[in-house]
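Here's the structure, in structure tokens; my notes come after.
The values are calculated or read from the model by the stated rules, or taken from the named source; none is laboratory data. These numbers come from a predicted model, not from an experiment. No Cβ is skipped: glycine too gets one built from the backbone with ideal geometry, and neighbour counts run over all protein chains shown.
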Amino acid sequence: MDHFGQVAVLVPTAASSAALLVGLALATTWGAPDYALITIAAAVGLSYPAISPALRSSFRIVLPDPGARRVAFALDATSVELAFVCGPLLLSALLLPRVPLLPLLVTAALLAVGGLGYCRTEAARRARPAVQEAASGHNPRTTGIGPPTALASTGVVAVLAVMLMLSVGFGQLDTSLAATSDLALGGSEQVGILFAAIAGGSTLGGLAFGARSWRFDERRAVTVLLCLFGLFLALLGWLLSVGAVGLLILVPVLFLTGLTIAPTLIMQQGLLDHLAPPHRLNEAQAFLSASNTTGAAVGTAIAGIVIDIAGLGWSFGGAAVGVLCAAGVAAAYRRAGRSPTVVFDQPAGAAYR
């Protein structure tokens, strides 16, 4: 997208990924062999359109004011949390007619409509390399071409490393919540309440954070919120280990845990937006999404093993370890003095010059 523009990349990927998802649904119902299903599923993932990175990188074009971009990042994080709440509810509704193809077909339709619909927006059409650099106040003739990759920019690797370890904790947390409903609360019907509690807290935290400007060093705030997140996860692990598994206990703790999530993600996105070079912004945001999905996949696998071997308490403890490791990286990088001072009322490209 940094080379060819967003529309040229997103239109074919959205269309092909949706078509492959329809093919996966049909192949499943027709009894295709496992290797064929795995191949098609992998193709769906490989062709999946990078809508989230594209959307976040387009904020520089449509929202030149850093304060407005902060609000946009808050709304983006909040919408993700709402998707975590509404997605399972939609799936439950789609399962009611007992039509095996329906959930995947609806997902494919949403993917195609959402991806192609975004490509029709002014933000996507304007998100071309020259426009994006101009929106960031970057002129290669006066400031130089800049680093050849986003990873070479000061601070970007640290932000990605924090997100990777944080997402390992997310993966363990999500799996642990599903297992808590099944193993500790007597059935999977309670899982929606658990996810709604933590997503509700995150939504409220994201809206509160984005509603005003805060006078603090966001790099320090990321470390503090990650520590709080990790401590709440450790508390959840302890509660489950001592048998305190009632909803009246777990739901308030999950809500408080969620309050720390969206503000952390908003600040991570804002830091990356500020640190990434204008001509590699799509790349940087794509790396952030890749760190998120990769870490979540690793955390999910770890949680499954830990739950089977040691139980739910240790699984939540593992999530806490992942999040606290992310806090440690953030704190160490800040103390090392390699992260430039982030002043969000400066031009977005100033951080790497």
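Summed over the range 38-84, residues that are farther than 15 Å from Arg212 by Cβ and either among the aromatic types (Phe, Trp, Tyr) or not in a helix (DSSP H, G or I) (or both) total 8.
If you filter the range 201-217 down to residues that are of a type outside the set (Ser, Thr, Tyr) and surrounded by 18 or more Cβ atoms within 10 Å (Cβ to Cβ), you find that the one that is farthest from Val321 (Cα to Cα) is Gly210.
Of all the listed residues (Leu164, Leu225, Leu183, Leu173), the sole one being farther than 27 Å from Pro66 by Cα, buried (at least 17 other Cβ atoms within 10 Å of the Cβ) and not assigned by TED's automatic domain parsing to the domain that holds Phe84 is Leu173. The residue pairs whose first member lies in the range 82-94 and is at pLDDT below 80, whose second member is surrounded by 14 or more Cβ atoms within 10 Å (Cβ to Cβ) and among the charged types (D, E, K, R), and whose beta carbons are closer than 9 Å, counting only pairs six or more residues apart or on different chains, are Phe84/Asp174.
Applying the set (1) in a loop (DSSP other than H, G, I, E, B); (2) at pLDDT 95 or above to Phe4 leaves exactly one unmet item: (2). The residue that is farthest from Leu101 (Cα to Cα), among those in the range 24-36 that are free of Cβ contacts under 8 Å to residues at least 24 places away in the same chain and surrounded by 14 or more Cβ atoms within 10 Å (Cβ to Cβ), is Ala36. Any residue in the range 154-171 that is in a loop (DSSP other than H, G, I, E, B), in contact with a Leu (Cβ under 6 Å, 6 or more places away or on another chain) and under 30 Å from Met1 (Cβ atoms)? Scanning the range 154-171 turns up at least one residue that is in a loop (DSSP other than H, G, I, E, B), in contact with a Leu (Cβ under 6 Å, 6 or more places away or on another chain) and under 30 Å from Met1 (Cβ atoms).
Checking each residue in the range 228-272 for being assigned to a helix (DSSP H, G or I) and touching a Ser or Thr at 6+ places or on another chain (Cβ under 8 Å) picks out Leu228, Phe229, Phe232, Leu233, Leu236, Gly237, Leu240, Leu250, Gly258, Ile261, Ala262. As for the range 267-278, it holds no residue that is out of contact with any Cys (no Cβ under 7 Å at 6 or more places or on another chain) and surrounded by fewer than 21 Cβ atoms within 10 Å (Cβ to Cβ).
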